[in-house]
Each structure stands twice: as C-alpha cells, then as structure tokens.
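Undergrad: Quick one: this structure, given as structure tokens, is what I'll be asking you about.
Derivation of every value follows stated rules applied to the coordinates shown; laboratory data play no part. None of these values were measured; they are calculated from a predicted model. Reconstructed Cβ throughout: ideal geometry from the backbone, glycine too, with neighbour counts over all protein chains shown.
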Amino acid sequence: MKALRSIYITLFITGFYVHNGMGGPVADPGPGVNVNVDINVGGGSSGGVSKPGPGTCNVDCGHWCYPGKDWPYTCPHHCSGSIQSPIDICSESATDETGSITFSPSYSVSIPKLVIKNNGHTVGASWSSSLEPRTITGGGLTDVYELAQFHFHWGCKDNRGSEHTVDGTRYAMELHNVHFNTKYGNLSNALKYVDGLAVIGVFFNVGDENAVLKPITKDLQYVVKPDAEKEIDFNQALADLIPTNRDFYRYQGSLTTPTCNEVVTWSVFKTHQSFSEDQVKSFRMLMDKEKEHMCDNYRGIQPLNGREVKLYSP
C-alpha cells in the first residue's frame, strides 16, 4: 500500500488523541450567542480557569473534548499561552497589505483518491505521498510550506461551526488546509518552531451544493463511527476549494486543538464558499467516541492580546 500523508492537526504527531465524550450537540443559542467562548484564557497563565469537574472528558493534552474552556487547565503548557487561536477578526482594524499567496501548479491538479477518516474530533483527508507535493509561498510567507492534510469544523446549526469569526459573525463550517515549513522536513519537526506551520482557513455557509466537496460528503456515510476510514474517489483539485477572491486575513496564532502549539501563521480567506443543507447534514451524522453526534467541534474565541491582524489583497 502506498504511504499516506499524515492526517489531522488534532494530534501531537505520534498518534491520534482520543475523544472520549461530551462531543455531542449543545443547546441552540440565541441570536449572536457564541456557545463555545472560552472565558479568562490567554496571557500566559491559566488564571481564572477552574478545575474540570468530575466526569469531564477534558483530562489532559491527550484526552480532551469540546467545548475547550478547560484546556488551559488540562493542557497548560501550550493552551494557556498568549497567542492562541481562533480569534474574532475585526475587519475595520485590520492593516492593509499588498500581496497574495502563490499556490504551486500541483494545487490545481486533480487528486484521484483520498482517504477520509473520522478520528472522533473531526473528519480529515490524506492522499498518496507519491503525488507531487502541494505547496504555498508568498503573501507574507518567506518560506515554502507543503500541504500535509485538510480537515473541517462545523456546527450543530447553520448559524455556527467555524472556528474564526469576522466582526462577530460565525459561519456554518471552516476548512483548514494544514501546511508545514519544508525547511523543517516534516509536520512533526515543524511543530517545534514558531514558523513551523501555515494554515489556510476557508469559511462555508449553507447555500448551493459544492461540487468539489461532493465526493467527500457523499461518502461520509462510510466513516460515521470514530476511527472509521475509507478510500474514496475524489478526482478534484484542492485549489477549487479556495475562493477565487484571494483576499485573506493574516495573523500569528496556534493550533486550535490540544496541544495548542503557538507555531501557526494563519491565512483566513475573506470570501466564503457555499455547500448545501444536505452536505452539512452529512457532517453532522458523524459520531464521536461516546456515540454522540459530532458537531460544534470548534474552539471558543481567544483573546487577541495585542496581535496585529493584516488584510492581504493582490
């Protein structure tokens, strides 16, 4: 069997962390309410974060669940840091910059097959390592970054699901394309360096069917149970998941799951994509380790702590 690229950023590279409960639907919030906001986090300490109560699935960096308000206590080495992600992007205060991300030609070449896997926190995709690497550079990136995997975060309702928000608005889903700095050789080694990862975020709202996602969403039925994986026919180019309007927000942050390493250069695209109601329902039918429906798998908004957010335009 051909070697596969490493899957999921919800790992500390040596293996998947196990989701062991409380990952199911939460109460439907009122208008404008963020059901997953983390309170009193950031600033380099876990002050103000209470110890998780009995029965919580947030035990340590290796055993965690959503919502993530306990992570600064249960995984304090990184998750209580001062440049955590995700953030609310204030569009009016973003600094204008000129530049665009350069996608390698291979980003526009169809990938024949993917392996999709439900790891109990999300569903992600990998592909044969024999394929030409998909890379990005430019747009403020001074090095070349290679795509390692992509995965999704979505909500129990259409009015939430994305990790980042823009002016307080949350989208139904967010795609993360996770790249590692090629000068560090691989994803595992790149986690040791502040410029180790470059993650592209793309928002999705419910609307028209997304043809590029269709090969994935139609086969999610085969990975409903945690740890299930399935090789699927894809025959799509990953560049087609990126908005044609290439304006994006840039800031320095972290992984959005434990161990929350502060090694990520974020590029969050301003324009959202669409997918259908049936497609988002296919994500919501996935199950976690506790046999709960997997949704609202996003971390609450983290303090900006003086970080600069830039808006890059070609």
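Undergrad: How far, in nm, would the chain grow between Lys113 and Asp227 when pulled straight, counting 0.36 nm per residue and subtracting the alpha carbon separation?
TA: 39.1 nm
Undergrad: Per the Kirkwood definition applied to all pairs of different Cα atoms, how many angstroms is the hydrodynamic radius of region 71-313?
TA: 18.1 Å
Undergrad: Using a simple spin-label model with points 7 Å from Cα along the Cα→Cβ vector, what separation in nm is obtained for Lys183 and Leu311?
TA: According to this spin-label approximation, the distance is 3.1 nm.
Undergrad: For Lys218, go through the lysines and keep the ones whose alpha-carbon is under 18 Å away, minus same-chain ones fewer than eight residues off.
TA: Qualifying lysines at Cα under 18 Å: Lys113, Lys117, Lys230, Lys281.
Undergrad: Nearest 5 percent is fine: what portion of the DSSP beta bridges confined to region 71-313 is antiparallel?
TA: Antiparallel bridges make up about 75 percent of those DSSP assigns within region 71-313.
Undergrad: Just how large is the dipole of region 172-314 about the Cα centre, in debye to the nearest 20, putting +1 at every Lys and Arg Cβ and -1 at every Asp and Glu Cβ?
TA: Magnitude of the dipole: close to 440 debye.
Undergrad: Find how much the distance from Ser274 to Asp96 grows on full extension, using 0.36 nm per residue of separation minus their present alpha carbon separation; answer in nm with one decimal.
TA: Answer, rounded to one decimal: 61.5 nm.
Undergrad: If you build the convex hull over the alpha carbons only and average its shadow over all orientations, what do you get for region 223-282? Give it in nm² to one decimal.
TA: 6.4 nm²
Undergrad: Arranged from highest to lowest average of other beta-carbon atoms within 10 Å per residue, in what order do the peptides 187-195, 154-162, 92-100 appear?
TA: Averaged packing, sorted descending, gives the order 154-162, 187-195, 92-100.
Undergrad: Within straight cross-link reach of Lys69, meaning Cα distance under 18 Å, which lysines are found once same-chain residues fewer than 8 apart are removed?
TA: Of all the lysines, those that pass the test against Lys69 - Cα under 18 Å, at least 8 places apart if same chain - are Lys51.
Undergrad: Right, something else. How would you order 145-153, 104-112, 58-66 from highest to lowest mean count of nearby Cβ atoms within 10 Å?
TA: My ranking of the peptides, most packed first, is 145-153, 58-66, 104-112.
Undergrad: Right, here's the next one. How high is the relative contact order of region 71-313, given as a whole-number percent (alpha carbon pairs under 8 Å, six or more residues apart)?
TA: 30 percent
Undergrad: I've got another one for you. For Lys192, list the aspartates and glutamates whose Cα falls under 13 Å from its own Cα; do not include residues on the same chain fewer than 8 positions away.
TA: Reachable aspartates and glutamates: Glu262.
Undergrad: Same structure, new question: For region 143-167 and region 239-269, write down the distance between their C-alpha centroids in whole Å.
TA: 8 Å
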